[in-house]
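One structure, pasted below without further comment.
The values are calculated or read from the model by the stated rules, or taken from the named source; none is laboratory data. Bear in mind the structure is a predicted one, so any value in this text is a computation, not a measurement. No Cβ is skipped: glycine too gets one built from the backbone with ideal geometry, and neighbour counts run over all protein chains shown.
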Amino acid sequence: MSLIADYGLVLLVLACLFGFFMAWGVGANDVANAMGTSVGSRALTIKQAIIIAMVFEFAGAYLAGGEVTETIKNGIVDADLISPNLMVLGMMSALLAAGTWLLVASTRGWPVSTTHTIVGAVIGFAAVGVSMDAVHWSGVGPIVASWVVTPMLAGIISFCLFVSVQKLIIDTDNPFLNAKRYVPLYMFITGFVISLMTMTKGLKHVGLNLSSTEGFLLSIGIGVLVMLLGIALLSRIHVDVEADKAFHFSSVEKVFAILMIFTACSMAFAHGSNDVANAVGPLAAIVGVIQSGGEQAAGAKSLVPGWILLLGALGIVVGLATYGYKVIATIGKEITELTPSRGFAAELAAATTVVSASGLGLPVSTTHTLVGAILGVGLARGIGALNLGMIGKIFLSWIITLPAGAILSIIFFFILRSLFGGV
């Protein structure tokens, strides 16, 4: 335990810096998943999107980020086979590797998966730096499977949502009237689904335990409040005859633009709740070991400290505000043409899928989920509505990301081991 006894404070400070760097990368790159559709459909400006995301990314990370953090901290590697010293250095190398790759990707505008990056980095140091047996391969299976299942699920949900919009609103004799009639129901669904998972799963990490019944009833109340607020905002929208001459559904899309304010908030919350774990999961493991002087196993079950979630949330917000605009353009404008009615379906489908996964503790790829949802909306209009060239580039960047995270992590792991006396 001499490493922790001799360098505990230095390691803790470095771990916090690396964790913040990784969280910055999450904000700079993955925020496009939360805000890209809103900006691409012109429901929000980039400045409005960044303000909304700063508030709701922070709330999602702090209030509902604990379940997935526990999985990243304990579910990928077998802490019993890794000494506390190696666990600390390994998790530090994973954070530094993931942050570095996200910096590279963000400067180039690539929408890569931060989840792939950190999972690859953690597997990399454990498998090569320690031993293949140190990886919980049985625990990795469900995580990898979720990367395939969640985009498909989000695509199916968004396809069904957009088809319902077409049947109930677009393909009717009076689409504007029907938009005002049915959009409040979509607002209720948005408020209900997001709050349900937060109330029943997330809030225990900030010391508030609600029963399933209490959470369900409170979520209905929040859904109703969201719907009433939406109705008040919709009352200001009127038919624009001149705009409708140029585009028949112009007035209808203005109604959906109001709805997209709510779905943008929910997507940002969902993103924060799942992806903060990519930064603070390894940090939580490091802090647990250092604070116990190396006595506590890194895999010991423990409540994630609130200040760690706070650090991750701040990092996400700073990354978003300083560099998030680059990747927003790729997600929002270059996969398929988005309007508010299409963007709403993609955002609500992705948010529902991601928050559900967060409640289950699965670190899903928000990138995959939202791209799957956008593809679902595009397919509802026909394969010709999709930019297959851009989709191919995005898929290629996904394939590269996991090994890039693993390789960088291995390199940084051996560098840190040599710096701290070849532990």
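Just to be sure I understand the filter: pairs with C-beta atoms under 9 Å, separated by 6 or more residues or on different chains, first member in segment 312-329 and in a loop (DSSP other than H, G, I, E, B) and of a type in the set (Gly, Ala, Ser), second member surrounded by fewer than 17 Cβ atoms within 10 Å (Cβ to Cβ) and at pLDDT below 80. Which pairs pass?
Gly324/Ile46
Still on this structure, I have one more. Would you pick out the residues in segment 218-240 that are under 25 Å from the mean Cα position of the chain (by Cα) and of a type in the set (S, T, N, Q)?
Scanning segment 218-240 gives a single hit, Ser219.
Looking at segment 301-311 only, could you name the residues that are assigned to a helix (DSSP H, G or I) and modelled with pLDDT under 80?
The answer is Gly306, Leu309.
Please verify whether Val39 is buried (at least 20 other Cβ atoms within 10 Å of the Cβ), at pLDDT 80 or above, of a type in the set (Val, Ile, Thr) and in contact with a helix residue (DSSP H, G or I) (Cβ under 6 Å, 6 or more places away or on another chain), treating the condition exactly as stated.
So Val39 does not fit the description; no.
Hey, another quick one. Pull up segment 129-148, narrow it to residues that are among the β-branched types (Val, Ile, Thr) and crowded, with 18+ Cβ neighbours inside 10 Å, then point me to the one that is nearest to Pro84 (Cα to Cα).
Only one residue tops the list, namely Val130.
Scan segment 22-60 for residues that are β-branched (Val, Ile, Thr) and under 12 Å from the mean Cα position of the chain (by Cα) and report the count.
Qualifying residue count for the region: 2.
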